[in-house]
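Asker: After the structure tokens below, expect a handful of questions from me.
Each value in this text was obtained by applying a stated rule to the coordinates, not by laboratory testing. Fair warning: this is a prediction, and the values are worked out from it, not measured in the lab. Here Cβ is always computed from backbone atoms with ideal geometry, including for glycine, and neighbour counts include all displayed protein chains.
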Amino acid sequence: MRALVGSVATIAITAAVSTVAAPTGAVSQSPACEQYGGVIHTNAVARQTLDPAISVHPYYQMNWLYDPIIRLTQDLEYLPWLVEAMPEETADNVFAFQLRPGITFHDGTPLNAEAVKFAIDRIADGDVVSSYSGQWSTYLEEVAVTGDLSFEIHLSQDWPQFLWALATSTHVPSPTAVEEYGEAFGVEAAVGSGPFVLDVFRPRERLELSRNDNYFMEGIPCLDGVVSTHVTSGSVRSLSIQSDEMQVLNTFPEAQVPELVAFPDVTVAEGENSTLTTLLVDTTDPVLSDVRIRQAIQSGIDGQQIIDAVYNQTGGLVSGIFPAWHPGYLPMEDLSAIRPDLERAQALLREAGYGPDNPLTLNLVTAPGQAHADRGVLIQAQLAPLGIDIEVESIPNAAYLQRRNSRDFDLLLYQYDGSPSLSDYTWSLFGAGSNGNLTGYNQDGGVQNERAEELAVAIAAAEDPASVAAEIAEFQQVIMQDLPMIFVNYRNHRTAWRDEVMNFSTALLKGREDWYEVWLSE
Amino acid sequence: MPFDMVLRRLLLAVPTLFGVALLVFLLGELSPGDPAAIALGLDYESGGTADPAQLQAMREQMGLNRPVMERFFDWLGGFLSGDLGQSVVNPALSVSEIMLTALPTTLILTFGTMLVAVLVGIPLGLLSAVYRGGIVDYLARIISIAGSATPTFWFALVLMLVFAYLWPIFPLGGALQDYGLAAIILPVMAVAMHPAALITRLTRAGMLDVLSQDFTRTARAKGLNPRVVVFRHGLRNALIPIITVIGFQLGGIMGGTVAVEAVFSLRGLGKVLLDAIYEHDLYVAQTAVLTIATVFIVVNLLVDILYFVIDPRLRTAQTR
């Protein structure tokens with residue numbers, strides 16, 4: 001893992017934040033904001049808490065209030081953020097960090113190595129209910145404070161997603177505030193060091209922030225503040241941006257796209273292929289363990305029809321194990337295994353003993369959203385002529401998660417948000433030891449393929465996609481033949497903003513827009 | 001108003017509430033879902049997964065492995081004492097806090113709606129009956145039929161389009177805390193349409209019936225002022241079924257504000273209930289339903305009492 005020290009990290013930050021103003025510790029930033037000020041009204045509010053230890057949606061709200069050790073930009077570049085430089089591996093699985101001097105939390109207390117240790121230990125030790133706890137407790141040996149501003153992270157084993165974890169789950173809250181507010185931290189107070197300071201938070205309702213004038217990055221944020229309100233109705237969201245009551249809309253359903261595209265003062269932009277739609281297959285099921293059945297289902301599904309009918313043509317077909325935006329993307333030459341082919345599907349089913357005269361009955365579990373249910377129904381219609389009777393179950397979120405996590409399904413429609421790590425889309429979905437492997441592939445009772453496991457482990461351990469190009473090519477061939485999950489298509493996400501919003505663009509990954517250098521022209 | 005009658009009604013309300021509480025709790029328990037996964041911040045849109053051991057630990061921490069009836073009596077005790085524990089989805093918030101935050105919005109919306117419905121429906125029905133067959137009558141009937149036939153959420157969107165977008169005198173949506181009473185005016189108008197239409201029709205029918213009775217004719221023959229005939233002899237008699245409907249409508253409005261709360265981004269009890277069901281926040285969902293049921297029962301109790309105030313025949317019958 002030594003190579004991560006410089007490979008991905010020596011990026012745009014050098015120009016932007018390399019000159020350090022010594023006395024205050026503030027980092028001078030090339031003034032990106034041509035005009036400072038303005039308050040943007042937008043439409044999404046975290047549903048429960050702003051505690052960074054708990055996953056917050058949309059994700060960019062974390063970066064409003066807190067700073068991570070390293071940051072993933074909306075263009076998928078890792079930058080040192082609270083630290084002076086990207087982590088240096090000083091011994092096997094020991095990474096040294098040096099914090100920038102002079103950073104303070106919104107409550108005036110210093111952001112030092114002890115605060116970082118507090119933030120990570122809080123997650124890893126399970127002191128707080130956190131969906132990040134599992135990964136940190138698995139890989140973290142300890143956070144060792146080596147000085148006021150220096151610390152080391154000792155890992156117990158290689159962690160393929162280490163950079164991703166550093167960028168997404170190390171947002172540092174003020175230890176003083178966390179201790180003061182206890183369980184109410186995140187609701188009654190959310191004190192970080194981020195570019196904005198919390199004024200009002202009502203979960204699922206309203207969030208008001210104002211600029212942190214003491215932000216350690218000089219010159220940012222450009223905005224005076226952000227007001228975010230939870231608007232359930234799609235029509236009202238659309239009216240809000242048209243009437244200028246809101247200036248930015250966070251990702252919204254495809255149905256609203258035509259109306260907003262037609263509106264003159266609003267820009268709509270897509271983040272292409274950001275989420276993968278798959279059907280998870282229970283490979284421990286005796287019927288579905290037959291590869292011919294899985295291949296028949298894959299050949300019976302027309303992903304393009306779903307893109308046209310459900311996504312309003314805003315999506316893409318699968319052409320490799322990684323999506324096109326991913327650093328590891330390697331387009332496959334022969335995609336016949338995952339393209340619709342009804343004759344092949346019928347032949348495979350016949351061979352396996354099924355067909356219109358002896359239909360195969362399967363359940364298909366989907367999440368409750370309209371687009372989820374619609375996809376389920378279309379897949380049901382596509383597979384019916386083959387003699388596969390699909391019973392679609394669109395169920396509430398909590399029930400969906402329970403069914404998914406306990407593998408209580410034949411097929412489950414899964415919309416997967418990946419990360420730029422090589423382990424994602426590979427080991428994390430198919431590795432025997434991954435808790436993201438929900439199909440049972442290479443696990444007890446599931447379909448086995450030793451070669452796939454070897455390749456997944458090798459790819460996940462690599463840092464440079466080019467160094468494992470051969471493995472990626474072989475792995476995607478193996479997976480597309482084995483099909484522990486069915487590849488349906490990619491779905492885009494999108495944001496919309498008014499013309500007066502400057503320097504805003506849609507992130508490659510859903511909900512990960514950067515707001516540091518956004519401002520209003522008037 | 002005899003005290004023993006009120007006492008009897010109050011005592012009857014106790015088993016009713018207990019039955020509702022038991023039903024609500026058991027239905028919540030029977031519904032599938034994993035609150036532990038939700039509490040861990042997992043969301044189907046985020047594609048996150050949790051460690052199975054962590055999920056199990058969370059279930060234990062949340063007490064989900066305890067026997068159902070034990071949890072029911074704990075919850076019921078909590079409801080009576082006001083200590084309902086923490087939200088499953090958001091442990092930083094107590095269930096009581098969530099209810100107390102949402103309840104004012106719903107109560108203002110509900111009672112505001114009923115006030116508007118009564119202020120519109122009764123005069124309109126009255127005029128319609130008094131001027132039967134005239135223009136006022138036709139207009140009132142058209143308005144009441146249109147009001148009954150128009151879906152509330154659609155009317156809400158139309159109101160919003162006209163009064164918040166084309167002619168922006170009200171906000172497109174938002175909370176009472178942020179916009180004051182301006183936030184509630186369009187929602188009240190939207191929800192009031194149905195009950196106002198119903199009250200108009202009931203008032204008209206009741207008044208037509210009463211105005212054709214012998215005692216009204218006698219009152220007129222005695223030379224009483226027509227206003228006295230209409231209001232004291234007519235309206236007072238026609239009010240009995242209207243009050244019954246108002247009682248039922250209040251409960252219905254309270255439980256049925258979900259759509260309008262969603263359209264206007266109001267976080268009232270209906271929206272809290274919907275979110276809680278959606279996220280399997282059991283105690284919040286159960287408490288919201290029980291709160292609505294309690295208000296419904298209390299309102300109907302008050303309506304029963306109101307009968308005695310309005311109708312002297314009931315007082316006489318009770319005394320006998």
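Asker: How large is log10 I(q)/I(0) at q = 0.13, 0.29 Å⁻¹ when the Debye formula is applied to the Cα atoms of region A:320-385, each weighted equally and without solvent?
Answerer: Summing over Cα pairs of region A:320-385 leads to -0.59, -1.13.
Asker: Calculate log10 I(q)/I(0) of region A:254-293 for q = 0.24, 0.29 Å⁻¹, where I(q) comes from the Debye formula with a single equal point scatterer on each Cα and nothing for solvent.
Answerer: -0.86, -0.98
Asker: How high is the relative contact order of chain B? Use alpha-carbon pairs under 8 Å, at least six apart in sequence, and give a whole percent. List each step's numbers first, then the result.
Answerer: Working: 352 pairs, mean separation 79.5, N = 320.
Reported relative contact order: 25 percent.
Asker: On to the next question. Sort all Cα-Cα distances of region A:73-118 into consecutive 10 angstrom bins from zero, then give the percent of pairs in each bin up to the one containing the longest distance.
Answerer: Answer for region A:73-118: a P(r) of 23, 44, 29, 4 percent.
Asker: Let me ask something additional. Quote the convex hull volume per residue of region A:183-267, based on C-alpha atoms, as a whole number of Å³.
Answerer: Per-residue hull volume (Cα only) is 119 Å³.
Asker: Ok, one more. Looking at chain A from every direction and averaging, what is the projected area of its Cα convex hull in nm²? If you can, show how the numbers build up before the last one.
Answerer: Numbers: hull surface 93.4 nm².
Mean shadow area of the hull around the Cα atoms is 23.4 nm².
Asker: Rg to Rh ratio, region B:175-274, alpha-carbon atoms and Kirkwood radius?
Answerer: On the way: Rg = 19.1 Å, Rh = 16.0 Å.
Looking at region B:175-274, the ratio lands at 1.20.
Asker: Note down the Stokes-Einstein diffusion coefficient of region A:379-428 in µm²/s, whole number, using a Kirkwood radius over alpha carbon pairs, 20 °C, and 1.002 mPa s.
Answerer: Working: Rh = 13.3 Å.
Calculated translational D: 162 µm²/s.
Asker: How far is the Cα center of region A:386-400 from the Cα center of region A:162-192, in Å?
Answerer: 38 Å
Asker: Please compute the average number of Cβ atoms from other chains found within 10 Å of each residue's Cβ in peptide A:226-239.
Answerer: Working: counts 0, 1, 0, 6, 6, 7, 11, 11, 0, 5, 12, 3, 0, 7.
So the per-residue partner count for this stretch is 5.
Asker: Please work out, to two decimal places, the log10 of the ratio I(q)/I(0) at q = 0.06, 0.09, 0.15 Å⁻¹ from a Debye calculation in which every Cα of chain B carries one identical scatterer.
Answerer: -0.29, -0.61, -1.23
Asker: Arrange B:K222, A:K117 by Cβ neighbour counts within 10 Å, fewest through most, would you? Walk me through the numbers on the way to the answer.
Answerer: On the way: B:K222 8, A:K117 19.
Ascending Cβ contact count within 10 Å gives the list B:K222, A:K117.
Asker: Starting from the alpha-carbon convex hull of region A:136-214, give the projected area averaged over all orientations, in nm². Working shown, then result.
Answerer: Numbers: hull surface 28.7 nm².
Hull-based average projected area comes out at 7.2 nm².
Asker: How large, in Å, is region A:260-390 by the Kirkwood hydrodynamic radius built from its alpha-carbon pairs? Mind dumping the intermediate values first?
Answerer: On the way: mean 1/r = 0.0610 Å⁻¹.
Taking the inverse mean of 1/r over all distinct Cα pairs, region A:260-390 comes out at 16.4 Å.
Asker: Do me a favour and compute the ellipsoid semi-axes for region A:323-459 from its Cα gyration tensor, root of five times each eigenvalue, largest one first, whole Å.
Answerer: Details: eigenvalues 139, 85, 54 Å².
Largest first, region A:323-459 gives 26, 21, 16 Å.
Asker: I want to verify a result. In a Gaussian network model of chain B, Cα cutoff 10 Å, which of these has the top mean-square fluctuation: B:I108, B:I240, B:I169?
Answerer: B:I169
Asker: Straight-line reach from A:K510: which aspartates and glutamates have a Cα under 12 Å away, not including same-chain ones fewer than 8 places off?
Answerer: Candidates past the 8-residue exclusion: A:D75, A:E270, A:E272, A:D417, B:E45.
Asker: Please give the Cα centre distance for region A:87-149 versus region A:257-336, rounded to the nearest Å.
Answerer: Using only Cα atoms, the two centres lie 37 Å from each other.
Asker: According to the Kirkwood expression over distinct Cα-Cα pairs, how big is the hydrodynamic radius of region B:8-156, in Å?
Answerer: Values: mean 1/r = 0.0492 Å⁻¹.
For region B:8-156, the Kirkwood estimate is 20.3 Å.
Asker: Let me ask something else about it. Calculate the length of the line joining the C-alpha centroid of region A:409-423 to that of region B:120-195, in whole Å.
Answerer: For region A:409-423 versus region B:120-195, the Cα centre distance is 47 Å.
Asker: Among rounded, prolate and oblate, which fits region A:179-231 when a ≥ b ≥ c are the square roots of the eigenvalues of its C-alpha gyration tensor, a/c under 1.5 means rounded, and a/b larger than b/c means prolate?
Answerer: Details: a/c = 3.58, a/b = 1.29, b/c = 2.78.
Oblate, since a/c reaches 1.5 and b/c is not below a/b.
Asker: Of all the C-alpha pairs in region A:79-179, what % are more than 23 Å from each other?
Answerer: On the way: 1001 of 5050 pairs.
Tail fraction, whole percent: 20.
Asker: P(r) for region A:414-485, please, calculated from all Cα pair distances in 10 Å bins and given in %.
Answerer: The percentages, shortest bin first, are 22, 57, 21, 1.
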